[in-house]
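Novice: Shown below is the structure under consideration.
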Amino acid sequence: MFRIGFGYDVHRFEFGRPFKLGGIEIPFDKGLLGHSDADALLHSITDAIFGAVALGDIGSHFPDTDPKYKNVDSKILLSEAYKIVAQSGYKLGNVDATVVLQKPKIRQYIDEMRESIASILETDIDKISVKATTSEGMGFVGTEEGIKVFATVLLMITE
Ligand code: MG
């Protein structure tokens with residue numbers, strides 16, 4: 001038994017915030033704005049995990065109106081999401097994500113992000129794919145206002 005999930009997230013860049021992506025900090029003069037640490041890659045994977053088992057979304061589990069989640073490390077949200085589905089008898093098959101941003105170039109950080117995500121999901125790096133592309137200068141990503149991330153997750157019933 002397999003379940004597939006899809007996640008999508010967008011955050012706006014703002015000067016003077018740390019740029020957190022995939023659970024690591026990437027050197028840049030801007031960071032992502034949000035109630036939590038705004039890690040759009042971890043958020044989209046978290047959403048895909050909930051989606052795979054039709055258990056709502058990141059906002060219904062971790063509402064941004066709850067002060068408990070103010071500036072929360074998104075690694076905790078992803079880890080909690082995975083615990084919830086693992087308790088229902090699922091384990092991770094694989095993750096495939098695409099980050100769409102104009103700047104900075106993140107190619108050199110891809111493996112570090114994969115390692116970070118694998119460690120949160122207690123799996124091997126070869127089950128985690130992170131890809132990056134630009135939007136060819138078009139739209140809010142092209143004008144460097146923000147970032148978009150798409151993620152798919154495959155879950156399998158254990159035993
Ligand atoms: Mg988000």
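Novice: If the elastic network links every pair of Cα atoms under 10 Å, which of G139, G34, G93 fluctuates the most in the Gaussian network model of the chain?
Specialist: Looking only at G139, G34, G93, the largest GNM fluctuation is found for G139.
Novice: When the Karplus curve 6.51 cos²θ - 1.76 cosθ + 1.60 is applied with θ = phi - 60°, which whole-Hz ³J(HN,Hα) does each residue of the range 141-147 get, with x for Gly and Pro?
Specialist: Values per residue, Gly and Pro as x: 6, x, 8, 6, 7, x, 10 Hz.
Novice: On to the next question. Given the options S60, S129, S116, state which has the largest fluctuation in a GNM of the chain using a 10 Å cut-off (strictly under) for Cα springs.
Specialist: For the chain, modelled as a Gaussian network with Cα springs under 10 Å, the answer is S60.
Novice: Could you state how much accessible area D57 has, in square angstrom rounded to the nearest 10, with a 1.4 Å probe and all protein chains kept in place?
Specialist: Using a 1.4 Å probe on the heavy atoms, I get roughly 70 Å².
Novice: Within the set of other residues whose C-beta is less than 13 Å from the C-beta of I24, count the net charge using Lys and Arg as +1 and Asp and Glu as -1.
Specialist: -4
Novice: Another question, then. Could you list which residues have their amide H under 5 Å from that of V130, counting only those 5 or more apart in sequence or on another chain, with H placed in the peptide plane?
Specialist: Sorted by chain and number, the residues that satisfy this are A97.
Novice: At 1.4 Å probe size, with the rest of the protein present, what percent of the exposed accessible area of the range 2-157 is carbon and sulfur atoms?
Specialist: Solvent-exposed carbon and sulfur of the range 2-157 make up 52 percent of the total.
Novice: Starting from the Cα gyration tensor of the chain, multiply each eigenvalue by 5, take the square root, and state the resulting semi-axes largest first in whole Å.
Specialist: Equivalent ellipsoid of the chain: 25, 17, 14 Å, largest first.
Novice: Follow-up question, since we're still on this one. Out of residues 5 or more away from G23 or on other chains, whose amide H comes under 5 Å of its own, with H placed 1.01 Å from N in the peptide plane?
Specialist: Amide H neighbours of G23, under 5 Å, 5+ apart: L42.
Novice: If each DSSP helix of 4+ residues adds -39,500 (n - 2.57) and the sum is divided by the residues in the chain, what number results at 222 nm, nearest 500 deg cm²/dmol?
Specialist: Dividing the helical sum by the residues of the chain leaves -8000 deg cm²/dmol.
Novice: Mean-square fluctuation check for the chain, GNM, Cα pairs under 10 Å: which of H43, H61, H11 is largest?
Specialist: For the chain, modelled as a Gaussian network with Cα springs under 10 Å, the answer is H61.
Novice: Now, a different point. Give the long-range amide H neighbours of G89: residues separated by 5 or more places, or on another chain, with amide H under 5 Å away, using H modelled in the peptide plane at 1.01 Å from N.
Specialist: none
Novice: So how do R107, R12 rank on accessible area, 1.4 Å probe, biggest first, that is with the largest at the start? Walk me through the intermediate numbers first.
Specialist: Numbers: R107 200, R12 140 Å².
The ordering from most to least exposed comes out as R107, R12.
The values are calculated or read from the model by the stated rules, or taken from the named source; none is laboratory data. The shown structure was predicted, so the numbers you read here are calculated from the model rather than taken from an experiment. Don't worry about glycine lacking a Cβ; one is built from the backbone with ideal geometry, like all the others, and counts go over all protein chains shown. With ligands, DNA and RNA removed, areas are computed over all heavy atoms of the protein, side chains included. Shrake-Rupley method; radii C 1.70, N 1.55, O 1.52, S 1.80 Å.
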